[in-house]
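Report on one structure; see the data block that follows.
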Amino acid sequence: MIREVLRMGDARLWRRANPVTTFGTDALAGLVTDLWDTMAARGGVGIAAPQIGVELRVVVFGFDASERYPDAPPVPRTVLINPLIRPTGVHEESDWEGCLSVPGLRGRVSRWTEIEYEGVDIDGAIVRRTASGFHARVVQHECDHLDGILYPLRITDLHHFGYADVLFPNGLPVEE
Ligand code: NI
């Protein structure tokens, strides 16, 4: 089911979400379905449970080669619960981000270039991967939502924050 996406200003987006403790339930499967449906309806590449008002540490992200965003490298469709992220290199990279909870805007955010992430799927089975570039950026953006962090909080130079259609008259970077 497509759910309402909370927008910046809603206090629920600033909260730290709770770990999932019970797996393989209909409730968890239903939440994940709603996240995929809502993400697809809004044309996003990722979404976190707090964005639909559910305070659990659940994110989904990924897409196949995208018609909408032909320049974005594909990211495997992934359900990640109770995630942990650590950088595997020293490099950070600055690039544009958007967010379904901050519609119509884009900002430049620095993220680790190479990471390892680990969590579990809806059955509690371990998911562990390394990721770099755009894939790593999406994971870091989504997991930030679980700690009540929206990307504008990470913008260090607000000259690089603005309306998407003004910044990018010829086509927008993705929203997460
Ligand atoms: Ni977001």
(request) Enumerate the amide H contacts of Leu105 below 5 Å, restricted to partners 5 or more residues apart or on another chain; note that Pro and chain-start residues carry no placed amide H. (result) Cys99, Ala164
(request) Please turn the phi angles of region 105-111 into ³J(HN,Hα) values with the Karplus equation 6.51 cos²θ - 1.76 cosθ + 1.60 (θ = phi - 60°), one per residue in order, whole Hz, x for glycine and proline. (result) 10, 9, x, 8, 10, 8, 9
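For the chain, report the accessible area per residue in Å² (1.4 Å probe, heavy atoms, rounded to an integer).
Normalised by residue count, the accessible surface of the chain is 50 Å².
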(message) From the helices alone, meaning DSSP H stretches of at least four residues, give me the mean residue ellipticity at 222 nm for the chain, per-run term -39500 (n - 2.57), in deg cm²/dmol to the nearest 500.
(response) -6000 deg cm²/dmol
(request) Using only C-alpha positions, report the orientation-averaged shadow area of the convex hull of the chain, nm², one decimal. (result) 9.6
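Could you order Ser101, Ser94 by accessible surface area, starting with the largest, using a probe radius of 1.4 Å?
So the residues, ranked largest to smallest area, are Ser94, Ser101.
Please report the net charge: other residues with Cβ closer than 13 Å to the Cβ of Gly24, K and R +1, D and E -1.
On the way: positive: none; negative: Asp26, Asp121, Asp123.
Around Gly24, the surrounding residues sum to -3.
Where the eigenvalues come from the Cα gyration tensor of region 1-93, what are the semi-axes √(5λ) of the equivalent ellipsoid, largest first, in whole Å?
22, 18, 15
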(request) Give the long-range amide H neighbours of Arg57: residues separated by 5 or more places, or on another chain, with amide H under 5 Å away, using H modelled in the peptide plane at 1.01 Å from N. (result) Asn18, Val20, Asn82
(request) For region 1-55, give the percent of accessible area contributed by carbon and sulfur heavy atoms, probe 1.4 Å, rounded to a whole number. (result) 50
(message) Starting from 0.36 nm per residue, how many nanometres of slack lie between Phe23 and Leu6 once their C-alpha separation is accounted for?
(response) 3.6 nm
(request) Calculate the spin-label point distance for His159 paired with Glu93, positioning each point 7 Å from the Cα along the beta-carbon direction, and give it in nanometres. (result) 2.4
(message) Need the full-extension length gain, Asp121 to Ala41, defined as separation in residues times 0.36 nm minus the C-alpha distance. One decimal, nm.
(response) 26.5 nm
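The values are calculated or read from the model by the stated rules, or taken from the named source; none is laboratory data. From a predicted model like this one, the values you see are computed outputs, not experimental measurements. Here the Cβ is made from the backbone with ideal geometry for all residues, glycine too, and neighbour counts use every protein chain on show. Surface areas here come from the heavy atoms of the whole protein model, side chains and all, with no ligands, DNA or RNA. Shrake-Rupley method; radii C 1.70, N 1.55, O 1.52, S 1.80 Å.
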